[in-house]
Amino acid sequence: MILKRSFSSIWICILTLTIFLTGCTSGEKVVQDEQQKQTNSSTKDETGQEKAVSGVNIRIEKALKLEHPDQKGKEVLQIQLKATNKTAEERFVDVFEMSVWNKENKKLSIYPGDNLGTQLSPGKSVKGNGYYVIEGKGPFKVQYENTDTKDKQEWIINQVTDMTADAPKK
């Protein structure tokens, strides 16, 4: 009788332990899968990907490395954008609401070029550029934050087309 109880108790313990360990390893696999997805998405070039910020769809179409017109040896990052107002109200689109960081997480300063800044009517689109003085290396993280709504989106730019005189000729 005592042996039957001990035998039953042992089986219940083994069964409970098995269920517990199975649950722990399954959860660990889910965490590993999530970490892998985040790693893959952070290495992916997001140029060309359209993202919505407060009803305005913004797409980084291309990133170019240009020679700095005033300082020899310096370079400027030109980010070509397209923005479409998907709301029923006018929206302001401004490159000064956009920040760019290099690989070392240093914020790039804006270059005073022909930077995009306009009032966008409902349903209308606009193309324009943002210019930033390059310091350090990419990939570059771009963040657009609407100053009124605090809504923001981020892009990662891994590929920058080199348009400088030192660029390899094809």
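Charges were assigned to the Cβ only: +1 to each Lys and Arg, -1 to each Asp and Glu. The resulting dipole of the stretch 50-162 about its Cα centre is roughly 300 debye. The residues packed around residue 105, meaning those with a beta-carbon under 15 Å from its beta-carbon, carry a net charge of +2 if Lys and Arg are +1 and Asp and Glu are -1.
Sorted by packing (mean other beta-carbon atoms within 10 Å per residue), highest first, where do 101-109, 123-131 land?
Ranking the peptides 101-109, 123-131 by packing returns 123-131, 101-109.
Among the listed pairs 107/127; 65/86; 124/152, those with a Cα-Cα distance over 27 Å are 65/86.
Read the figures in this text as sums done on the coordinates, not as results from a lab. The model shown is predicted, which means the values in this text are computed figures rather than measured ones. Every residue, glycine as well, gets a Cβ built from its backbone with ideal geometry; the counts of neighbours run over all protein chains shown.
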